[in-house]
Structures are given as C-alpha cells and as structure tokens.
Amino acid sequence: MAAKLGYEKNLVLCFLLVLLVPFTCASRVTINNGVSSQKLEVQKHLKNLNKPHVKSIKSPDGDIIDCVHVSHQPAFDHPDLKSHKIQMIPNYHPEGQIFGESKVSSNSKPITQLWHKNGRCPEGTIPVRRTKKDDILRASSIQKFGKKKQKSFPQPRSSKPLPDLITQSGHQHAIVYVEGDKYYGAKATINVWDPKIQQSNEFSLSQMWLLSGSFGQDLNSIEAGWQVSPDLYGDNNTRLFTYWTSDAYQATGCYNLLCSGFIQVNNDIALGASIYPLSNYGSSQYDISILVWKDPKEGNWWMQFGSEHVLGYWPGPLFSYLSDSASMIEWGGEVVNSESDGQHTSTQMGSGHFPDEGFGKSSYFKNIQIVDGNNKLRPPKDLGTFTEQDSCYDVKTGSANDWGNYFYYGGPGRNPNCL
C-alpha cells in the first residue's frame, strides 16, 4: 500500500513538473528578451553617438577623447541638417570692450582641459568625449540620457508667473538677469571650482542662459558654462558643457554633443571634458570666459571659449523664438535639491561659500555683457537678482573698472539657517 502511495505521489510530482517547466522557461525567455532588447538599444545608441574616429586620446581622468572628422559629427543626424553646409568661421564677431580671458589670479599655467596632457586632435577633426555603456545605464531611460529634466530653468519673479514652477523642479538657483529688450548674445568670465555633491542624482553648475519664449511649453534656451554631474559623467570632475532646447526641455536638445544639433568646428576643446586647473579656497583663482552671439548674416548662434577658441554654433533653424533674438539673459548657479533625507541638500553651489566672503573664497562671474542689435558688446542695464532661498545660496552684485559688472554667488546648501 505504501509503495502504491509513493508511486502515485511521484506521478503527481512529475505531472506538476511537466506543467511548470514550460512556464518557468517562458518566464526566463521573456526576461532574457527584455534584457537583450535593452542591451541592443544601448548598443545602437552608443553607435549613433560614438562616430568613427581617426585618433583616440586617453585622458588622465579616464575619459577617452575621439578625434572625429568634422563632417561625421552627431549634429548631422538631425533631419534638418542633412544637407547643411558647415560654416567654419562666423561672418561677424561682436564689437566692443574685450576684457581678460580665461586666466588666473597669480603666476601659473593658463586654464586648459585635462586630456591635453596626453595629446591633441588633428586639423579637420573635432574632439568628442566618448560615451560609455555605463553613462547611458545611469540615466532613467535611454531617451532621457543627456537631457535636463523639465522645468529646470530659473524664472525670476518679474516674469509672467507660473505656479510652483521652481519648487516642482527641485532645482535651486542664485542668478542675475536682464530682460525687456532684444538680446543677440551674452558674455561672462566665470570662476571655476569643484563643488561637493551630496548624492549622484544631484548636480551643481555655473552657466549663462539665453532664453526666449513664454516660459511654458515653447521655451527656447541656449546654455553654456561648467558643471559637476555624477549622473551624467560618472565622476565629480568639473567639466565644460553646453545645452540647448526649443521646447522647454521636453523632446528637443541635450548636453554637449549627446544629440544632433550643435555643430563643432574647433579641434582643441572637447565639450563635456574636464577643466584644469581649478580654484582653491584662499589661493589661486582660475576662470573661463564664454561668449555666445548670433551671426547677423547667417542667423546661427556661435560660442567662443576664451580668447582664441571659437567652438562652433547652434544652427538658427533649431529654434523658433531664438531664430530672432533672446528676450532674457541669465548668469549664475544652479543645483539639484532632492531632499532625499527630508532635509535640504548639502550640495554646494560655486565654491560652496556665501558671496560675503569675497574674492578667493566665494565664486564669481565678472565682465558680464550682452550683445545688442548693432552687434556690439555692452554692459547690461537694470540687472535683477533671484534666488529661491538666500539662506542656502545667495547672490550679490557690484561693478568695478577692471571687472565691469560682476557678482559673487553660491553657498553650502544645508546649514543651521537652511534645513
């Protein structure tokens, strides 16, 4: 009898096993197909971004800089740029006072990029920071890789109000701005630091914004400066960056060359590469100079780094409102405040010190200028300031003969007065 029961039990187990195995196998196949599908998508995206190169340079910070032929760069994947003829130099340069460019406060080497220590790209190519698989996998999705989140622009209170715009985004700013006219460019010399980031999904940056549109779904923006963004780059290095959007950070635009759009013509400076050297508290101060202006003839928006490096341009057809002019210029700092532990982030802005500490301790923008309708550089009129919480990050303006219009900005984030 016992033998018979054991036999029947084995039959039942065998029957269940036969039923379950196909489902188990099917589940594994579904999971494996999902993993394979994502892997293929990542590989496809890497192939789109990492164009064939004529030379590669390994930077001391681990970056690989690919020297890509100027006509093979990602910009020409854009449907509106398939037959675009590259403009190698701007037709016009802004006229006016040119202040000191990308320099230091004491006798030291001029500011440069870290990868230059191991080589340079030849004429006819552009340096492109190679995107790695891990870079894409850190993003919330392949589609969002290299993109800012929506509503990540500062909106001063003098502009048309949009309820809870700033608090919804989790971004905080300390900026100066000018509005109420047509602007055809902007310039600034920006102090460079290495602010500490509390966690990898936060960032700290210092930049210029050239804005036009309604601050709604159709905002146009061109941006340039330096940033520390562990999520985007996989480290805490201070890096040169650009950004653009023509629809308020929704579907268009990206950082650097991580999508089609910006056309680079310079073979010396890599967008997204580490800046070197950096400022030290109470010691040598380093800064970079950035100029963005609209070519009055072609309508393209050009960018220059320092006094010698005209990097390239955003073609006019990328934009709607900016195809004419900018209606607001902003200069300053931005951080992400995720409040992950229920408190304000300790991510630093600028040097991580408040403006009151002054030169050598607080971060600055100096010689801020706009380009007017006559293609002339001039000081901005009626500068406004804006910060969400001046107990966390603040901004203070001034003017001087050798610094023109300037401001100190930044702060430590969380502190006894900012919780």
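The values are calculated or read from the model by the stated rules, or taken from the named source; none is laboratory data. All of these numbers come straight from a predicted model, not from anything done at the bench. Every residue, glycine among them, receives a Cβ derived from its backbone with ideal geometry; neighbour counts consider all protein chains shown. Side chains included, ligands, DNA and RNA excluded: accessible areas come from the protein's heavy atoms. Shrake-Rupley method; radii C 1.70, N 1.55, O 1.52, S 1.80 Å.
Beta carbons closer than 6 Å, at least 6 apart along the sequence or on distinct chains, pair a first residue in the stretch 358-370 that is over 15 Å from L278 (Cα atoms) with a second that is open to solvent by less than 10 Å² (accessible area, probe 1.4 Å) and among the charged types (D, E, K, R) for Q369/K187. Of everything in the stretch 43-86 that is under 17 Å from K132 (Cβ atoms), among the hydrophobic types (A, V, I, L, M, F, W, C) and open to solvent by 30 Å² or more (accessible area, probe 1.4 Å), the residue that is modelled with the lowest pLDDT is L46. A Cβ distance below 8 Å, combined with a sequence gap of six or more or placement on separate chains, defines the contacts here; from the stretch 73-90, residues that are farther than 15 Å from Q264 by Cβ reach residues that are open to solvent by less than 40 Å² (accessible area, probe 1.4 Å) and not in a loop (DSSP other than H, G, I, E, B) in the pairs D80/L318; K82/F76. Scanning the stretch 276-288 turns up no residue that is aromatic (F, W, Y) and closer than 30 Å to K44 by Cβ.
The test for being modelled with pLDDT under 95, under 25 Å from the mean Cα position of the chain (by Cα) and either more than 22 Å from P122 (Cα to Cα) or not aliphatic (A, V, I, L, M) (or both) does not hold for P22.
Looking across the stretch 269-298, the residues that are open to solvent by 20 Å² or more (accessible area, probe 1.4 Å), assigned to a loop (DSSP other than H, G, I, E, B) and under 29 Å from S323 (Cβ atoms) come down to P296, K297, E298.
Being more than 30 Å from D390 (Cα to Cα) and touching a helix residue (DSSP H, G or I) at 6+ places or on another chain (Cβ under 7 Å) is true for just one of G312, G373, G306, G316. Which residue is that? Before the answer, list the steps.
Values: G312 fails: touching a helix residue (DSSP H, G or I) at 6+ places or on another chain (Cβ under 7 Å); G373 fails: touching a helix residue (DSSP H, G or I) at 6+ places or on another chain (Cβ under 7 Å); G306 fails: touching a helix residue (DSSP H, G or I) at 6+ places or on another chain (Cβ under 7 Å).
That would be G316, the only listed residue that is more than 30 Å from D390 (Cα to Cα) and touching a helix residue (DSSP H, G or I) at 6+ places or on another chain (Cβ under 7 Å).
For beta carbons closer than 8 Å, sequence separation of 6+ or different chains, a first residue in the stretch 197-219 that is at positive phi and of a type in the set (A, V, I, L, M, F, W, C) and a second that is surrounded by fewer than 20 Cβ atoms within 10 Å (Cβ to Cβ) and not in a strand (DSSP E or B), the qualifying pairs are F215/S159; F215/K160; F215/L162; F215/L165.
Of all residues in the stretch 150-181, those satisfying the criterion of being touching a Ser or Thr at 6+ places or on another chain (Cβ under 7 Å), at pLDDT below 90 and either over 23 Å from G234 (Cβ atoms) or not small (G, A, S) (or both) are K151, F153, S169. Would you point out the residue of the stretch 219-234, among those that are assigned to a loop (DSSP other than H, G, I, E, B) and touching a strand residue (DSSP E or B) at 6+ places or on another chain (Cβ under 9 Å), that is modelled with the highest pLDDT? Only one residue fits best here, namely S229. Against the test of being open to solvent by less than 70 Å² (accessible area, probe 1.4 Å) and at pLDDT 90 or above, the options I136, I111, I89 yield a single qualifying residue, I136.
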